[in-house]
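J.: Just passing along the structure, written as structure tokens.
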Amino acid sequence: MRKVAVVAAGGTGGHLFPAQALSEVLIGRGWTVVLASDERVAGLAQDFPAERRIGLSAATFRRGDPIGMARAGFAVLRGTLQARAAFREIKPQVVVGFGGYPSAPALLAAILDRRPTVIHEQNAVMGRANRMLASHVKTVACAFPTLMKAPAKVASRAVVVGNPVRPPVRALADIPYIPPEPNGPVRVLVTGGSQGARLLSELVPEAVKALPEDLRRRLVIKQQTRAESMNTARRAYRDALVDAEIAPFFRDIASRLRDAHLVIGRAGAGSVCEFAVAGKPAILVPLAIALDDDQGQNARLLAEAGGAEIAREHQLTVESLAGALTKLLNNPARLARMAAAARAVAIPDAAERLADVVEETARTSVQAR
């Protein structure tokens, strides 16, 4: 009998990348994968290895907006009916949700049809969509040892598997960290989420300009920058006599991560786990407006282990960032210690562990029938 897994994920890289990593492992084990999401997924899921894609109606809402809540409710109901119709045709053995409101219709349909279900929570704080459905699914897996905002019974049964990372990043787990040599080049990678963070796009180049000249001349910067900030960033680095590559998005992020001595970025779950797997020291800047401070809680994993420093937005200035960079980049021994600490908390085989959980959930559900 053909084994079919439906993978349901929101339309952002944070949800899609771990879903893709799991899908590649499942396909390698003989499964057929179907991707369920909304129309936004097309731009980011070009390389997603799904045999089929199901477009489902879905919507989100703002707190305190009853009209928006009603519209979202109708959209999710319509998406759930669409998913149930599709499931009757493809007959999935398991449905795996990765969060984000576009994942809700597929999971709701599976719950109503009593199909085996798995939720994977990427963040240290359980997201709203997963939080609403977690009590009704068969298995809950998570990336971090802590699962804040989850119902107590859900948190107690959650299985820690880590956050699946893309295979090119997974391969970095076996590459040792080599700190910068005295008077040698110092390579810094600056990320900012799939769209580039405005704060980092504008602040990091100014902080680099404020560094001592001898350190600036050694720097090699690779920075992911918002399109509207690219010219300003290039000008700042040119004025500082710094070798810099600027782009809105790096598709080959693994090669740049491999070569970096230090990374600066937001603290989304995917970024934090990729930095850990690659064994890279980091300066993490959690998104201040993130719901429930999920990025701040993600960052704690590396910071408490000694693998990262946390820079909160309200405390971050050109001067404070320049000071932190000067101290870290002039201390290769500390960078090496941070790299080792980051790698110590990594779970490189998270995709394989999650695939084990998915297969076990499908198998035990069949046996129970």
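The values are calculated or read from the model by the stated rules, or taken from the named source; none is laboratory data. Note that the structure is predicted; figures quoted are calculated from it, not measured. Here the Cβ is made from the backbone with ideal geometry for all residues, glycine too, and neighbour counts use every protein chain on show.
J.: Filter region 278-312 down to residues that are touching a helix residue (DSSP H, G or I) at 6+ places or on another chain (Cβ under 7 Å), of a type in the set (Val, Ile, Thr) and either surrounded by fewer than 24 Cβ atoms within 10 Å (Cβ to Cβ) or in a strand (DSSP E or B) (or both), then give me how many there are.
T.: Within region 278-312, residues that are touching a helix residue (DSSP H, G or I) at 6+ places or on another chain (Cβ under 7 Å), of a type in the set (Val, Ile, Thr) and either surrounded by fewer than 24 Cβ atoms within 10 Å (Cβ to Cβ) or in a strand (DSSP E or B) (or both) number 2.
J.: Could I ask something else about it? Just the residues that are crowded, with 24+ Cβ neighbours inside 10 Å and either over 15 Å from the mean Cα position of the chain (by Cα) or free of Cβ contacts under 8 Å to residues at least 12 places away in the same chain (or both), please, taken from region 117-133.
T.: Scanning region 117-133 gives Thr117, Val118, Ile119, Ala129, Asn130.
J.: Which of (1) within 24 Å of Arg170 (Cα to Cα); (2) in a helix (DSSP H, G or I) does Ala346 not meet, given it meets every other one?
T.: So Ala346 meets the others, but not (2).
J.: Where residues in region 155-184 are in contact with a Lys or Arg (Cβ under 8 Å, 6 or more places away or on another chain) and among the hydrophobic types (A, V, I, L, M, F, W, C), which of them is surrounded by the fewest Cβ atoms within 10 Å (Cβ to Cβ)?
T.: Applying the filter and picking the extreme gives Ile175.
J.: Restricting attention to region 147-167, which residues are small (Gly, Ala, Ser), part of a loop (DSSP other than H, G, I, E, B) and over 21 Å from Ala278 (Cα atoms)?
T.: Ala150, Ala158
J.: Right, another one. What number of residues within region 313-341 satisfy the criterion of being part of a helix (DSSP H, G or I) and over 21 Å from Asn183 (Cα atoms)?
T.: 9
J.: Sort through Thr146, Thr191 and tell me the only one that's in contact (Cβ under 8 Å) with a residue 12 or more places away in the chain, among the hydroxyl-bearing types (Ser, Thr, Tyr), closer than 19 Å to Ala299 by Cβ and not assigned by TED's automatic domain parsing to the domain that holds Arg63.
T.: Answer to the check: Thr191.
J.: Assess whether Tyr101 counts as being surrounded by fewer than 23 Cβ atoms within 10 Å (Cβ to Cβ), among the hydroxyl-bearing types (Ser, Thr, Tyr) and not assigned by TED's automatic domain parsing to the domain that holds Leu77.
T.: Considered against the rule, which asks whether it is surrounded by fewer than 23 Cβ atoms within 10 Å (Cβ to Cβ), among the hydroxyl-bearing types (Ser, Thr, Tyr) and not assigned by TED's automatic domain parsing to the domain that holds Leu77, Tyr101 comes out as no.
J.: Right, here's the next one. For the structure I just gave you, tell me whether Ala267 is buried (at least 23 other Cβ atoms within 10 Å of the Cβ) and not in a helix (DSSP H, G or I).
T.: yes
J.: Give me a count of the residues in region 50-77 that are farther than 18 Å from Gly97 by Cβ and either within 24 Å of the chain's Cα centre (by Cα) or at pLDDT 90 or above (or both).
T.: 3
J.: If you don't mind, there's one more thing I want to ask. Being in the same structural domain as Ala276 (by TED's automatic domain parsing), among the aliphatic types (A, V, I, L, M), buried (at least 16 other Cβ atoms within 10 Å of the Cβ) and modelled with pLDDT under 95: is that true of Leu316 here?
T.: Judged against the criteria, Leu316 is a match.
J.: Here is a follow-up. State whether one or more residues within region 213-223 are out of contact with any Asp or Glu (no Cβ under 9 Å at 6 or more places or on another chain) and either among the β-branched types (Val, Ile, Thr) or within 30 Å of Thr146 (Cα to Cα) (or both).
T.: Among the residues of region 213-223, not one is out of contact with any Asp or Glu (no Cβ under 9 Å at 6 or more places or on another chain) and either among the β-branched types (Val, Ile, Thr) or within 30 Å of Thr146 (Cα to Cα) (or both), which makes the answer no.
J.: Among the residues in region 229-244, are any in contact with a Lys or Arg (Cβ under 8 Å, 6 or more places away or on another chain) and under 25 Å from Ala290 (Cα atoms)?
T.: yes
J.: Kindly list the number of the only condition in (1) outside any helix (DSSP H, G or I); (2) closer than 22 Å to Glu51 by Cβ; (3) over 18 Å from the mean Cα position of the chain (by Cα) that fails for Arg114.
T.: It fails just one condition, (2).
J.: Also, I was wondering about something else. So, in region 168-189, exactly how many residues are part of a loop (DSSP other than H, G, I, E, B), out of contact with any Leu (no Cβ under 6 Å at 6 or more places or on another chain) and not β-branched (Val, Ile, Thr)?
T.: Here the count works out to 8.
J.: Give me the residue from region 196-248 that is touching a strand residue (DSSP E or B) at 6+ places or on another chain (Cβ under 6 Å) and in a loop (DSSP other than H, G, I, E, B) and, out of that set, modelled with the lowest pLDDT.
T.: Gly196
J.: With the requirement that a residue be within 22 Å of Phe275 (Cα to Cα) and at pLDDT below 95, what does region 127-146 give you?
T.: Of everything in region 127-146, those that are within 22 Å of Phe275 (Cα to Cα) and at pLDDT below 95 turn out to be Gly127, Pro145, Thr146.
J.: Can you tell me which condition Glu274 does not meet? The list is (1) at pLDDT below 95; (2) assigned to a helix (DSSP H, G or I); (3) of a type outside the set (S, T, N, Q); (4) in contact with a helix residue (DSSP H, G or I) (Cβ under 8 Å, 6 or more places away or on another chain), and all the others hold.
T.: (1)
J.: Any residue at all in region 150-163 that is farther than 25 Å from Asp259 by Cα, touching a helix residue (DSSP H, G or I) at 6+ places or on another chain (Cβ under 8 Å) and free of Cβ contacts under 8 Å to residues at least 24 places away in the same chain?
T.: yes
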